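A quick write-up on the structure given underneath.
The values are calculated or read from the model by the stated rules, or taken from the named source; none is laboratory data. Keep in mind that what you see is a predicted model, and the values were worked out from it rather than measured. In this analysis, Cβ positions are derived from the backbone assuming ideal geometry, glycine residues included, and neighbour counts consider all displayed protein chains.
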Amino acid sequence: MVLLALVLLLSPALVLYFWERVGMRGKLQKTQHRLSEILKEADIHRLASENASDGLLIQDMRGRIVWCNPAYCRIHGRTSEEMLGRHPREFAPPPEHRPPKDVIDAFRFNTNDPGYAKLQLFENQHKDGHLFWNQISVSFKTLRNGREYAIAVCRDITEQIEQEKALRTLSLELEHEASHDSLTGVPNRAAFMSFFENMLNNTDHPHVGLLHIDMDDFKSINDTHGHSAGDAVLIHAAAAVRSHIRSSDLVARVGGDEFVVVCLGINRHDQLQQLANDLIDVISEPFEWTNRTLQSEASIGAVLSSRGANGTENLLVQADFALYEAKGAGRNRVALYDEYMHERHNYLNRRSAELIDVVDTDALKYFFQPTMDLATGAVIGFETLVRWEHPIDGIIPPDHFLPLAKDLGLMGALDLLSMTAALKEKRRLTLAGFPDIKMAFNASPELLTHPEFINRLIWGVEAGNIHRSDITIEVLETTNFGEVQETSSHAAIIGDLRSAGFNVHLDDFGVGFAGLSHLATLDVTGVKVDRSLVKDILTDPVSQKIVRKIIELSNDLGLCVIAEGVEDQDTAAELGNMGCNVIQGYWLSRPLPQDCVDDWLRQHIQSNAARSA
């Protein structure tokens, strides 16, 4: 009973003790589990820090290194023992950028500095001496004991920086190439247009001068010395201009042998004229190139803008017009776009619009000038001549509007109209009782290369039932014929015309630079001796000898010889004595309008018959 009583008395204490033992065992198990987790986490953290590719660094608030991982050591090429307790600025920057000791000693991290929240880039030096770019981010951590530390993550991004530099360099090079001429190094047309427009809209520069420079006879330099010499001339010209203008001005290459200069702050025509004259002088200075002396000249069109000017394109047109005038006045000179030139420009613009309209509507007039066989006195043909009858100004001479037509690119279309008029007149004369009359028309280089020329010519003679041998195409001797072997050359086209059965004559013969050579290489049937030689055969022994030799040579080659510009009977007689076949000129007849041709022909036939009788 005592034992039972003792058990009952002690049982609450035993129960309490039991549960306390159970609780302690649970706590111990939890503690053991937590310690196990902590150790596991420590292993993971150690594994991460030791194998991370980025450098990890812990510093106290004075910047001294407390701990660093292997990657940080590898980035700097130093052991942890060499760096612990030191400030990175003692060894990381290149020597010339390391701050003095007192600055390092005074350093303290400022946790309120927002710069630490951003990625920072520093140029560092590896222990072996090579430089690299170190990208660093910094954060701060306060421990339970109140101590604060800076935690830095470092990464060597040298390769990335070098790639970015290479890309920037390439981008700058591409940008430069896009805005500069590769040969001369000066800005190109796109850069010029941008600069020019900005300057015209800039109120700080109410006046802007524009010079349009074109090299004179540049093709002859290429032909004589080769394209490398031509390149040297362009480089010389660009350098000469660039060295002579102010830094605020701009020179640009806008075409093959064309430059422009934008001149700021010039407000008088005489200033612009003087600058342009000076540029002509420096461009024309001789220079040495591959043991040769080269020299080039230039023409310049100059225009001065003013407040309220009509814009970039208008000024470019004006400068181009002034350049054209300089070229026409003899080259190697300056033409200034002034009030007088402005009036002339407007006049030519009106004339151009009117000429385009009359060509488009075929409103031109056609006259016909006869040719006569000297031996028989018979009229053998007519040359078709175009005339412009202006409603206000009357008849405009061909030498006034044909150059304009050439500039406008109308010569091909105009000559096609003349060809059509010639074929119509031939058909009309045949039906009127003059079937033996031949017809000629002029063919400019533009007509020879016109894609519809030969097809329309053949179609015209077939439709009009015209013998091809009754049609003559007159081609200027000064035409650049090219080589017969080149299928698209003028020489080859003349061969095609001859193969098709048409006659081809060289017009204005004797004044070109290669007339005899043309007789040897071109398949022509005749020549027309230029009037400048014919008119002086009675007074100038040299002209007489030249004409005589041309006639003799042509006769030997079996070519028809026509002397144009015959003004009197004595000249006609002298030409007959020389052996000339055919004449044309005012002594025989002026060009006739179409409605006068028949009557003139009948009268001539009657007169010739009376003389023969």
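Tell me which residues, restricted to the stretch 410-464, are assigned to a loop (DSSP other than H, G, I, E, B) and β-branched (Val, Ile, Thr). Correct list: Ile437, Thr449.
Filtered by the rule that a residue be under 19 Å from Asn267 (Cβ atoms) and either in contact with a Cys (Cβ under 7 Å, 6 or more places away or on another chain) or surrounded by fewer than 18 Cβ atoms within 10 Å (Cβ to Cβ) (or both), the stretch 313-330 gives a lone residue, Asn314. Residues of the stretch 335-359 that are more than 23 Å from Leu211 (Cα to Cα) and either of a type outside the set (Asp, Glu) or touching a residue at least 40 places away in the same chain (Cβ under 8 Å) (or both): Arg350, Arg351, Ser352, Ala353, Leu355, Ile356, Val358, Val359.
If I filter the stretch 226-237 for residues that are in contact with a Ser or Thr (Cβ under 7 Å, 6 or more places away or on another chain) and either closer than 19 Å to His345 by Cα or assigned to a loop (DSSP other than H, G, I, E, B) (or both), do I get at least one hit? Checked against the condition, which is being in contact with a Ser or Thr (Cβ under 7 Å, 6 or more places away or on another chain) and either closer than 19 Å to His345 by Cα or assigned to a loop (DSSP other than H, G, I, E, B) (or both), the stretch 226-237 yields no hits at all.
The lone criterion from (1) among the hydrophobic types (A, V, I, L, M, F, W, C); (2) closer than 22 Å to Met199 by Cα; (3) within 21 Å of the chain's Cα centre (by Cα) left unmet by Cys263 is number (3).
Being in a strand (DSSP E or B) and surrounded by fewer than 19 Cβ atoms within 10 Å (Cβ to Cβ) is true of Glu389.
On the basis of being in contact with a helix residue (DSSP H, G or I) (Cβ under 6 Å, 6 or more places away or on another chain) and either small (Gly, Ala, Ser) or modelled with pLDDT of 90 or more (or both), does Leu497 make the cut?
No, not satisfied.
For the stretch 271-319, a tally of residues being in contact with an Asp or Glu (Cβ under 7 Å, 6 or more places away or on another chain), more than 20 Å from Ala239 (Cβ to Cβ) and at pLDDT 90 or above returns 1. Regarding the stretch 202-215, can at least one residue be identified that is surrounded by fewer than 19 Cβ atoms within 10 Å (Cβ to Cβ), of a type outside the set (D, E, K, R) and not in a loop (DSSP other than H, G, I, E, B)? Among the residues of the stretch 202-215, not one is surrounded by fewer than 19 Cβ atoms within 10 Å (Cβ to Cβ), of a type outside the set (D, E, K, R) and not in a loop (DSSP other than H, G, I, E, B), which makes the answer no. The residues of the stretch 331-369 that are crowded, with 17+ Cβ neighbours inside 10 Å and part of a loop (DSSP other than H, G, I, E, B), listed by number, are Asn332, Arg333, Tyr337, Leu364. Across the stretch 337-375, the number of residues qualifying as basic (Lys, Arg) and over 28 Å from Leu272 (Cβ atoms) comes to 1. Once the stretch 135-162 is narrowed to residues that are among the polar types (S, T, N, Q) and more than 19 Å from Gln125 (Cα to Cα), the residue that is surrounded by the fewest Cβ atoms within 10 Å (Cβ to Cβ) is Asn145.
Exactly one condition in (1) within 49 Å of the chain's Cα centre (by Cα); (2) at pLDDT 95 or above is not met by Leu575; state its number. Against the list (1) within 49 Å of the chain's Cα centre (by Cα); (2) at pLDDT 95 or above, Leu575 comes up short only on (1). The residue list Ile75, Ile38, Ile44 contains one member that is at pLDDT below 85, under 30 Å from Asp156 (Cα atoms) and assigned to a helix (DSSP H, G or I), which is Ile44. The set of residues from the stretch 585-613 being of a type in the set (Val, Ile, Thr) and within 52 Å of the chain's Cα centre (by Cα) comprises just one member, Val597. Does any residue of the stretch 202-209 turn out to be at pLDDT 90 or above and in contact with a strand residue (DSSP E or B) (Cβ under 9 Å, 6 or more places away or on another chain)? Scanning the stretch 202-209 turns up at least one residue that is at pLDDT 90 or above and in contact with a strand residue (DSSP E or B) (Cβ under 9 Å, 6 or more places away or on another chain).
Taking the criterion of being of a type in the set (Gly, Ala, Ser) and either part of a loop (DSSP other than H, G, I, E, B) or touching a Pro at 6+ places or on another chain (Cβ under 7 Å) (or both), the residues of the stretch 93-133 that qualify are Ala106, Gly129. Close Cβ contacts (under 8 Å, 6 or more residues apart or on different chains) running from residues in the stretch 177-200 that are surrounded by 19 or more Cβ atoms within 10 Å (Cβ to Cβ) to residues that are of a type in the set (Phe, Trp, Tyr) comprise Val186/Phe259; Pro187/Phe195. If I filter the stretch 223-236 for residues that are buried (at least 16 other Cβ atoms within 10 Å of the Cβ) and either modelled with pLDDT under 90 or in contact with a His (Cβ under 8 Å, 6 or more places away or on another chain) (or both), do I get at least one hit? Yes, the stretch 223-236 contains at least one residue that is buried (at least 16 other Cβ atoms within 10 Å of the Cβ) and either modelled with pLDDT under 90 or in contact with a His (Cβ under 8 Å, 6 or more places away or on another chain) (or both).
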